[in-house]
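The values are calculated or read from the model by the stated rules, or taken from the named source; none is laboratory data. No experiment lies behind these values; they were computed from the predicted model shown. Heads up, the Cβs are rebuilt from the backbone with ideal geometry, glycines too, and the neighbour counts pull from every protein chain shown.
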Amino acid sequence: MREANSQTGTPGAAETPGPPGVTKGIPLRRALTVIPRVSPEEWRASRVLTRWMIASRAAVLVMTFSSAAAGGLLALLHGSVDATAWLLSLLGLLLAHAANNQLNDLVDSRRGIDKGNYFRNQYGVHVIEAGLVPPSQFFLCFAATAGAALAIGLYLIARVGVDVVWLVAAGGLLLLAYTYPLKQWGLGEFAVLLTWGPLMTGGTYLVTTGSWDDSVALIGTVFALGPTSVIFGKHIDKAGFDRDKGVYTLPVRLGERTSRYVVIAMLIVQYASIPVFALFHLLPWTVLLAWLAFPRAWRAARVYSVPAPAGCPPGYPASAWPLWYVSHAFVHARAFGLYFLGGLLLAWLLAQL
């Protein structure tokens, strides 16, 4: 994604020139909020943690934070919380998501999908394709990130019990298989829904409380429609590139028009589900706070109701193009997630009065 801009609010690749003759490293905050384009000089001047964040596309990890935090807050509302397990689960999931992003770039570069003027290179730096990191070193970075996530998973198994084994195994399998073959088979979008829903939200609840709750898994699945709409939007945006490269994501298989309507249906389900969950006491009424994100959902639905413009439209930041559908989906998913979390936190605070 690209530099945050006033219209879409999405991470993007707009550049901020520094003083003449001075090359500064990328600030840590920027690496956390955007996926910038980086010159070799800026890369060398940046700190190791900043480089890792850029290589991991840390700007999109907010969606993982929201899903994991939702599971923890639901556990808090139910009155049984292992705070250490919650924080470790959150950290492990963030590392796993980062490792997945790294593996995606590593595999797609190795398979030749990201070679040349491919969509991936247009919305932010691809550190391998840009020659910033040799593939062998990038693999070591991935191995270290994935290894840290696995170590946390193994510790949580020992701390919580064997019920966590299937979560770690399923998460690891989806991490390794997402880029290939699941994305190739048009199953990547389903993998995202499963991962950001039952596995992250339901799994964090299990790790935090020591027990599985089907209602939390259901809530997590509806919550995960946000990240799923983002990946749908991204794959719609680059459907032409994917088709030319022989990558048959679900939007490539369904076609643009049907895929756009699927995203609109996701938005409808999210907002319709919240009052239903509240009515049946699966969620507190304070979670209706998530409806504050509805204006962004309405804007996104209007964008998805028509074909994308042929070129960057007037008033739309050129630095954000060719991101179109994914930008609007990301802005909504981020806002919905944070308002949802705010509603859960408000319910807990009110319960303490």
Check whether at least one residue in region 141-161 is closer than 18 Å to Ala98 by Cα, assigned to a helix (DSSP H, G or I) and touching a Ser or Thr at 6+ places or on another chain (Cβ under 6 Å), and report yes or no. no
Which one is farthest from Arg159 (Cα to Cα), of the residues in region 203-229 that are crowded, with 24+ Cβ neighbours inside 10 Å and either in contact with a His (Cβ under 9 Å, 6 or more places away or on another chain) or basic (Lys, Arg) (or both)? Ser229
One residue from Arg253, Arg260 being surrounded by fewer than 17 Cβ atoms within 10 Å (Cβ to Cβ) and in contact (Cβ under 8 Å) with a residue 60 or more places away in the chain: Arg253
Set Gly116, Gly79, Gly124: member being surrounded by fewer than 19 Cβ atoms within 10 Å (Cβ to Cβ), out of contact with any helix residue (DSSP H, G or I) (no Cβ under 7 Å at 6 or more places or on another chain) and over 30 Å from His281 (Cα atoms): Gly116
Of the residues in region 31-40, those that are under 9 Å from Ile54 (Cα atoms) and either touching a His at 6+ places or on another chain (Cβ under 8 Å) or outside any loop (DSSP other than H, G, I, E, B) (or both) come to Ala31, Leu32
Name the residue that is nearest to the chain's Cα centre (by Cα), counting only residues in region 64-115 that are among the hydrophobic types (A, V, I, L, M, F, W, C) and farther than 23 Å from Thr209 by Cβ. Ala98
Looking for something surrounded by 18 or more Cβ atoms within 10 Å (Cβ to Cβ), within 30 Å of Ala239 (Cα to Cα) and of a type in the set (A, V, I, L, M) - is there at least one such residue anywhere in region 162-174? yes
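What number of residues within region 203-221 satisfy the criterion of being over 15 Å from the mean Cα position of the chain (by Cα) and within 18 Å of Ala278 (Cα to Cα)?
Number of matching residues: 7.
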Can you name the condition, by its number, that Gly246 falls short on among (1) surrounded by fewer than 16 Cβ atoms within 10 Å (Cβ to Cβ); (2) over 22 Å from Val331 (Cα atoms); (3) at pLDDT 95 or above? (3)
Among the residues of region 7-47, how many are modelled with pLDDT of 85 or more, of a type in the set (Asp, Glu) and closer than 24 Å to Leu323 by Cβ? 1
By residue number, the members of region 24-46 that are among the basic types (Lys, Arg) and within 24 Å of the chain's Cα centre (by Cα) are Arg29, Arg30, Arg37
Can you tell which of Thr84, Thr50 is among the β-branched types (Val, Ile, Thr), in contact with a Leu (Cβ under 6 Å, 6 or more places away or on another chain) and either surrounded by fewer than 23 Cβ atoms within 10 Å (Cβ to Cβ) or at pLDDT 95 or above (or both)? Thr50
Could you pull out the residue among Lys234, Lys238 that is within 23 Å of Leu338 (Cβ to Cβ), surrounded by 20 or more Cβ atoms within 10 Å (Cβ to Cβ), touching a residue at least 40 places away in the same chain (Cβ under 8 Å) and among the charged types (D, E, K, R)? Lys234
Please go through region 104-133 and pick out each residue that is farther than 27 Å from Ser319 by Cβ and in a helix (DSSP H, G or I). Val107, Arg110
Kindly establish whether Ala158 is closer than 18 Å to Gly197 by Cα and loosely packed, with under 15 Cβ neighbours inside 10 Å. no
Taking Ala4 as the residue in question, decide whether it is hydrophobic (A, V, I, L, M, F, W, C), modelled with pLDDT under 85, in contact with an Asp or Glu (Cβ under 9 Å, 6 or more places away or on another chain) and more than 18 Å from Gln137 (Cα to Cα). no
Subset of region 133-179, residues within 13 Å of Leu106 (Cα to Cα) and more than 24 Å from the chain's Cα centre (by Cα), comes to Pro134, Ser136, Gln137
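Every residue, every condition in (1) closer than 29 Å to Gly72 by Cβ; (2) among the polar types (S, T, N, Q); (3) modelled with pLDDT of 95 or more; (4) part of a loop (DSSP other than H, G, I, E, B), yes or no:
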position	(1), (2), (3), (4)
Phe277	yes, no, yes, no
Thr286	yes, yes, yes, no
Leu289	yes, no, yes, no
Ala297	yes, no, yes, no
Val306	no, no, yes, yes
Gly311	no, no, no, yes
Tyr316	no, no, no, yes
Ser319	no, yes, no, no
If we keep only residues of region 144-203 that are of a type in the set (Ser, Thr, Tyr) and touching a residue at least 60 places away in the same chain (Cβ under 8 Å), then the residue nearest to Phe223 (Cα to Cα) is Thr201
